[in-house]
There are 2 protein chains.
Amino acid sequence: MSEGDRLTELAKRRGFFIQTAGSYGGVAGFYTYGPEGAALKANIESAWRDRYVTREGNMEISAPTIMQEEVFEASGHLDGFDDMIIECPECGESHRADHLVEDDPDSTVEDAEALPIPDVEGLFEDHDITCPTCGWELAGEPVEEFNLMFETNIGPGSSDPGYLRPETAQGIFVEFPQLAEYARNQLPFGVAQIGRAYRNEISPRKALVRVREFTQAELEHFIDPETDEPPLWRVEDVVLPLYSAEQQDADDGGVQEITVAEAVEEGIIQSDWIAFYLGISKAYYERIGVDMDRFRYRQHLPGELAHYASDCWDAESEIDGDWIEITGFAYRGDYDLVKHEQYSGEEYSVFKQYDEPVTVEKPTVDPDMGYLGPEFGSAAGEIVTELERLAASDPDAFEGDEVTVEADGEAYTIPVEKTGFEIEEVTESGEHITPHVVEPSFGVGRMVYTVLAHAYETDEVDGEERTYLSLPPEAAPTTVGVFPLMDKDGLAERAKEVANQLREAGLEVTYDDSGAIGRRYRRQDEVGTPFCVTIDYDSLEEETVTVRERDTTAQKRLPIDELPGTLSALRDGDATFDEF
Amino acid sequence: MSEGDRLTELAKRRGFFIQTAGSYGGVAGFYTYGPEGAALKANIESAWRDRYVTREGNMEISAPTIMQEEVFEASGHLDGFDDMIIECPECGESHRADHLVEDDPDSTVEDAEALPIPDVEGLFEDHDITCPTCGWELAGEPVEEFNLMFETNIGPGSSDPGYLRPETAQGIFVEFPQLAEYARNQLPFGVAQIGRAYRNEISPRKALVRVREFTQAELEHFIDPETDEPPLWRVEDVVLPLYSAEQQDADDGGVQEITVAEAVEEGIIQSDWIAFYLGISKAYYERIGVDMDRFRYRQHLPGELAHYASDCWDAESEIDGDWIEITGFAYRGDYDLVKHEQYSGEEYSVFKQYDEPVTVEKPTVDPDMGYLGPEFGSAAGEIVTELERLAASDPDAFEGDEVTVEADGEAYTIPVEKTGFEIEEVTESGEHITPHVVEPSFGVGRMVYTVLAHAYETDEVDGEERTYLSLPPEAAPTTVGVFPLMDKDGLAERAKEVANQLREAGLEVTYDDSGAIGRRYRRQDEVGTPFCVTIDYDSLEEETVTVRERDTTAQKRLPIDELPGTLSALRDGDATFDEF
């Protein structure tokens, strides 16, 4: 069984995730998180919020998932958020044309998405590629662009199209003017959002990896590109597993272990801000349980870059031998804010105050209309505009006696004295600047999937094979399972008291009194519960319990009144089980 | 200024909520929570999770917002989730027909939604109701049903319609077979979900009250209606402000203050389960800051009940003189599970084991085909079926020598000895039962709006008018503001240390060093921060700070090292400011 299949089986049986509406046969690309999965996902989101919002002092907002068409006209998604589709004329099935080309055994193409459509159509002819559903030859069939946004209509009628957002980011960008006010117009500032995003995939696949509805955790960090520097010193010694564009060209598959400082110095990572985020993110991945031996940062190849991005790196995790993107780190520049300013007509900039007012020389004109009007008639207005433009772009042109401008395709010569040309001294207190955007964009479902895959372990305990999830205590859905040895003689009552005491201390607790203790351990092992507490007859007399650790199955005897503190410290990583 | 307008102004200025994409003119019914609003909303959701999931031992899941058509065929939303629409032929504007009828000054109709369409059309004629946009007379225009679900299409082509869920509940119901397994097939059990839901309103209005995209927190409690009883004893003395159907008929507007036990005994609340949830929910509303003087539980009138519900009560809060529904408590019976069983063909039931196996007498037949075949030919099969049916429904019919059944419209008489009739003793270990559902369904946005409206206060401080939000410390976006008196002499450094220390203790902290202390207090007052800590020169020497309470503006001097414990206790309601 593949790693993915094994995981999907456990996920369903234990309540991590299932295909939605399975009773109805389900629809590809939609999954429901069961109780364990929802808790794991919530813990991964909490750790993200702690790391990228609270500790970095960023804001967090929550925007709607449906937005009006104008927003996606501006963002470029209406035009450019497409996949290549080919439809089989025989069976009617639609496929991603680029994937069929890449999957073809004769093909050497690795990134067909980057090719122009006619080239892809050519490959179907050259390689006799067939429909994977029915085997029909697809040569000659048209390859088309398919927009991946889910479309709907807002209100009655059909005149107000709306779209389900393809990324949470646009919900932040459109509110920039207001958000800048909340930040008191001080750059840099960051705005985060965790929420649903949608992609109407042609062929969803691989459980939580390629789905049609998913959760993103995105941070948009707005910076002044001229002056704002990230606190690189905080991460300079962090060692990054980098897989650069150059290494990918060399095709040796190997990653380079290199510190943030070195990677910046050697120019492997071009943006200091991207380097900073790769640095702080590595500790986050470790914290939630990504196996660092199955992890790398991969640089985008030049042809692969999104329309808005300059330097771009992905965090990738390995599952079943495939590398999947779990985060994209993109330097989006001023692309989005400029677009929204153009399309909305509102200002998407901040006014940046200089430390001290600056005096600049500003060439101006103040034409004598009493002369221009009679002389040039209806062309006079256009001539004024051109004089203003010329003064700003080439003030030296006004040094002679006459100046010539072109208006409506004709040249006009005007005496300089009639233009009212002058060089004024103007005092400016600041300037309007459009911030650049640095964006780490996390796929929450893919992180959940990675963490489960990397935590999946089997070993042998008491002669039986055991499956367990080696999740970090902070991420595990349940921190502690509480069991009475038997459901009699007051053991259950005492165990329920202990369970409540632990809940009061803020721990996630599962109480279980059914079946043999060994079976109860196995159930908790399979959902990754790091600690189990058993209340036995000695507990009633001596006020102690057995605490058992998941990975080692080691057991210790601990006093009941120390449990809340001990287990909290173990969950928060402030202590290890060995210490007790 | 109305209460709503005052609130909307503060909400925008301070970052609670704004209309989405205001730069583009926005679209009615879509709002974005700014940093303060997102934090307040998250706190209200956390308190809900603590109350309805953790403390009640329920499960929580997370399902997609898009679901396939079959699900909503089964749930009844495709057919019945409609509002009445009327379109003005003059200006083209669409309106809710029932609202126009209710808003008409001559009208005495209070609940036009419950009327049949022809009656509503009649009211347009009788009262000469006009278009509120352009004044055109609407008499004679057709009133139609408008389905409120947002429709989209899943995948390429247009053959797979999907809908944005109108309630989170269906995402739970469709997974019932799997969820019952997670609950080890033991009733009762509860499954909760917090997430987005959608309603394509014809005329959204009143800020967060009637929107097109909103957040619900729903709990579906699956019970055995024959045997499961709620723990009413936990809430029997809770006093409920009830506005029953009877009181509404009497039209005196007054509510009845009555304990849960009395309301059940007097039959005012019909379902014990609904009574239980009204009881535990009252404390929840108080906890998040709903003003109990502007709150009531209103029973649905018979005509108002949803298609699936028997007894139904709403929690309502008063804003601007209007009562708005913030929660619906519905006894949904087995409606949803039966529907999904019918439409999906899967079993939506649990097998309920008897305490002890039960022996029942079961009449059976085992017809002699060697006789029936030759005797009755092709009718023999049908005859067997009818004999089986008769044995089950009327075993006495087999007491004579002959028995007569009707098959394919003809009567056949068969000797009883050829039917193989017998009464067998069968041992049954349990039975399949379809659970009933009790549902408290909370509108999170409406609770946020209520809590803000009820917290909004003004008073006079130092001769100036002050606006503050009297939010409970647990709900407030920020628990504590930390200010250095001046940004010099090491005060800022010490203040930042204190801020970090408080963050480490899990408190939400805002650090502010800009402007006069008075202005910083006002800013925190307006976002409802309950406590502010000022670091001054004495702080550096004596390790004490000034702590100021929001509502009273009272100030106390407290040691720095006690701050984390003191402020945590104040936030959690374990202490009051007076005690220190």
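The values are calculated or read from the model by the stated rules, or taken from the named source; none is laboratory data. Quick caveat: nothing in here was measured; it's all calculated off a predicted structure. Neighbour counts are summed over all protein chains in view; Cβ atoms, including those assigned to glycine, are modelled from backbone coordinates with ideal geometry.
Of the numbered criteria (1) within 9 Å of chain A (Cβ to nearest Cβ); (2) closer than 20 Å to B:GLY76 by Cα; (3) touching a residue at least 24 places away in the same chain (Cβ under 8 Å); (4) not hydroxyl-bearing (Ser, Thr, Tyr), the one B:ASN153 fails is (3). Residues being under 48 Å from the mean Cα position of the chain (by Cα), in contact (Cβ under 8 Å) with a residue 12 or more places away in the chain and outside the structural domain of A:ARG212 (by TED's automatic domain parsing) are entirely absent from the range A:399-418. Of the listed requirements (1) under 30 Å from B:VAL290 (Cβ atoms); (2) in contact with a Pro (Cβ under 6 Å, 6 or more places away or on another chain); (3) modelled with pLDDT under 95, B:ALA476 misses just one: (3). The criterion of at least 3 residues that are outside the structural domain of B:LEU452 (by TED's automatic domain parsing) and within 41 Å of the chain's Cα centre (by Cα) is met, among helices (runs of 4 or more DSSP H) falling completely within the range B:505-580, by B:517-526, B:563-571. Please work out which residue is nearest to B:THR478 (Cα to Cα), limiting yourself to the range B:4-26 and to residues that are touching a residue at least 60 places away in the same chain (Cβ under 8 Å) and within 25 Å of the chain's Cα centre (by Cα). Looking at residues that are touching a residue at least 60 places away in the same chain (Cβ under 8 Å) and within 25 Å of the chain's Cα centre (by Cα), I get B:PHE16.
Quick one: would you say B:THR544 is within 30 Å of B:GLU9 (Cα to Cα) and touching a strand residue (DSSP E or B) at 6+ places or on another chain (Cβ under 8 Å)? In short, no. Residues in the range A:366-381 that are under 15 Å from A:THR404 (Cβ atoms) and at pLDDT below 90: 4 in all. Exactly one of (1) under 30 Å from A:LYS41 (Cβ atoms); (2) modelled with pLDDT of 95 or more is unmet by A:GLU304. Its number? So the condition that A:GLU304 fails would be (2).
Out of B:GLY528, B:GLY481, one residue alone is closer than 30 Å to B:GLU325 by Cβ and buried (at least 23 other Cβ atoms within 10 Å of the Cβ). It is B:GLY528. Going by the conditions given, is B:ILE194 under 19 Å from the mean Cα position of the chain (by Cα), under 30 Å from A:ARG523 (Cα atoms), at pLDDT 95 or above and away from chain A (no Cβ under 11 Å)? So B:ILE194 does not fit the description; no. When the range A:121-139 is examined, which residues are found to be among the small types (Gly, Ala, Ser) and in a helix (DSSP H, G or I)? Hit for the range A:121-139 is A:GLY122, nothing else.
For the range B:133-152, which residues satisfy the criterion of being surrounded by 15 or more Cβ atoms within 10 Å (Cβ to Cβ) and under 35 Å from the mean Cα position of the chain (by Cα)? Correct list: B:VAL143, B:GLU144, B:PHE146, B:ASN147, B:LEU148, B:MET149, B:PHE150, B:GLU151, B:THR152. Residues considered: A:LEU179, A:LEU208. Of these, the only one that is in contact with a helix residue (DSSP H, G or I) (Cβ under 9 Å, 6 or more places away or on another chain) and at pLDDT below 95 is A:LEU208. B:VAL444 meets all of the listed conditions (1) touching a residue at least 24 places away in the same chain (Cβ under 8 Å); (2) surrounded by fewer than 19 Cβ atoms within 10 Å (Cβ to Cβ) but one, namely (2). Scanning the range B:220-243 for residues that are among the charged types (D, E, K, R) and either surrounded by fewer than 20 Cβ atoms within 10 Å (Cβ to Cβ) or farther than 27 Å from B:ASP334 by Cβ (or both) returns B:ASP224, B:GLU226, B:ASP228, B:GLU229, B:ARG234, B:GLU236, B:ASP237. Every condition in (1) surrounded by 12 or more Cβ atoms within 10 Å (Cβ to Cβ); (2) of a type in the set (Gly, Ala, Ser); (3) touching a residue at least 24 places away in the same chain (Cβ under 8 Å) is met by A:GLY573 except one, and the failing one is (1). Where helices (runs of 4 or more DSSP H) fall wholly inside the range A:1-120, the ranges with 2 or more residues that are more than 12 Å from chain B (Cβ to nearest Cβ), more than 22 Å from B:THR215 (Cβ to Cβ) and of a type in the set (D, E, K, R) are A:3-14, A:97-103. Checked against (1) surrounded by 15 or more Cβ atoms within 10 Å (Cβ to Cβ); (2) under 20 Å from A:PRO473 (Cα atoms), A:GLU579 passes all but a single condition, namely (1). Checking the range B:479-488 against the condition returns a match, with at least one residue being at pLDDT below 95, of a type in the set (D, E, K, R) and outside any helix (DSSP H, G or I). Contact map, the range B:42-54: first residue modelled with pLDDT under 95 and of a type in the set (Ser, Thr, Tyr), second residue surrounded by 18 or more Cβ atoms within 10 Å (Cβ to Cβ) and part of a helix (DSSP H, G or I), Cβ cut-off under 9 Å, separation 6 or more or different chains; pairs are B:THR54/A:ARG503. For B:ARG212, the criteria (1) at the interface with another protein chain (Cβ under 8 Å from one of its Cβ atoms); (2) within 18 Å of A:ALA21 (Cα to Cα); (3) crowded, with 20+ Cβ neighbours inside 10 Å; (4) not small (Gly, Ala, Ser) hold in every case but one, which is (2).
Sub-7 Å Cβ pairs linking a first residue in the range A:328-355 that is within 14 Å of another protein chain (Cβ to nearest Cβ) to a second residue that is surrounded by 22 or more Cβ atoms within 10 Å (Cβ to Cβ) and assigned to a strand (DSSP E or B), at least 6 apart or interchain, are A:ASP336/A:VAL437, ordered by first then second residue. Only residues that are farther than 20 Å from A:PRO477 by Cβ and either in contact with a Cys (Cβ under 7 Å, 6 or more places away or on another chain) or surrounded by fewer than 18 Cβ atoms within 10 Å (Cβ to Cβ) (or both) were counted in the range A:538-551, giving 5. Restricted to the range A:57-84, and to residues there that are closer than 20 Å to A:LEU148 by Cβ and in contact with a Pro (Cβ under 6 Å, 6 or more places away or on another chain), the residue that is surrounded by the fewest Cβ atoms within 10 Å (Cβ to Cβ) is A:GLU69.
Annotation: of all residues in the range B:197-209 being more than 9 Å from chain A (Cβ to nearest Cβ) and closer than 10 Å to B:GLY29 by Cα, the one that is surrounded by the fewest Cβ atoms within 10 Å (Cβ to Cβ) is B:ARG205. What are the pairs with Cβ atoms under 7 angstrom where one residue, in the range B:180-204, is farther than 24 Å from B:PRO166 by Cα and the other, located anywhere, is surrounded by fewer than 18 Cβ atoms within 10 Å (Cβ to Cβ) and acidic (Asp, Glu)? Sequence gap at least six, or different chains. Matching pairs, first to second residue: B:LEU187/B:ASP224; B:LEU187/B:ASP228; B:PRO188/B:ASP224; B:PRO188/B:ASP228.
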